[in-house]
Amino acid sequence: MKINSRRASQSLIIGIKLAVTKHYIMTMLKRVPIFLASFILLNSYLARAFNVNIGHRSVVGSVSKSAIRMSSTAAAPNSEQKSHLYVPSERDEYYQGNIAQYLLDLHDEGATLNFCGGMMFQLVLSDKLQTHLKSVAADSSSEGKQKKQPIIHPASQSLMSRTPDYKKSSFADNIFSFHGRELRKIPTANGGMGFVLQLSYADPSATLEEVSSSSAAGKGADAAWNGTPVDPQGWSKEEIATYDGWRSDQWRKWRKCSMYEDEGYSTFGQEFGNEAFGLNHRFFLHLDSQNKMWLSAEDGCEGTPADGSSLMKKLGGMLFGRHLVIVAVCLLNLHYVGGYHAEKKIF
């Protein structure tokens, strides 16, 4: 009797498994047309992605000299002709320590920096910083090379907090550190993600002071920088006074186009588009164990020059960019094909 009951139970379990398997197969067959349609839609997007710079060239109207270079040549530099921008050994041989010229060339070529393992930021220098770096790059005197050239810190100083005389402040001198911004939602930015990393010129005559009740310093600062806005495209007095880039981004002040323009950056919308927004950071340069150069923010997020024209970079741009919804739809259909009944809406 017990044996028969056991066999009956086993037969019931087998029957249930077969029924479930059949149900999954039928579900998959029903979802195949939806999956194929989504796949076609995704492929259509990928085809457009390779021409994204052409399709969006007219989004941002007239631009200033330092505005983003969006030509197809800048977006996809010839990796053989421009390898000195990305290969450390060729970089050192080509520039011979002229880091100012290296930064200028990265800007002129519309080069991208690979942040966080795939987030491509186009490097953009302000007009005033370009003028300064051109002067430094052309100065062949020993004093110019020793005192004015931007410094690339050694691999042992991979964080700003490890650099000599580090203070939590808004200090920048255009040599050891730079004022900058991460800017987002810029449709014409090279790299396909809408990201720009902007560097600007900081007041070279300013000094650091002790923090007091009357000094302008961000939350958690241990020194106050008395610099003033000297670059029309650079940090405003509000950005200088409240800078706290050592803190997490979620606690910091993000700025929209209207705020930048209200604070004095009158051409922000013209250069990057009215939908762009951003966050100010201090940046510095350092090497790694493989002699790659990294542009690192004070909070540790950093990027290295990388050719942003490859297929994988464009796929990464799709995942991080405006068309995430398309990818989500495809993933949702894959979820269905696997037999999982995700009936709840995800948007």
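Data table
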| read-out | value |
| --- | --- |
| Label-to-label distance, nm, for residues given as VAL230 and GLN250 (7 Å Cα→Cβ offset) | 3.8 |
| Order of ILE99, ILE175 under a 10 Å beta carbon neighbour criterion, fewest first | ILE175, ILE99 |
| Length gained when the stretch THR207-SER289 is fully extended (0.36 nm per residue, less Cα-Cα span) | 26.2 nm |
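Read-outs throughout are calculated quantities, based only on the coordinates presented, and are distinct from any laboratory measurement. Everything quoted here is computed from the prediction, not taken from an experiment. Methodologically, a virtual Cβ is constructed for each residue, glycine included, from the backbone with ideal geometry; neighbour enumeration extends over all protein chains shown.
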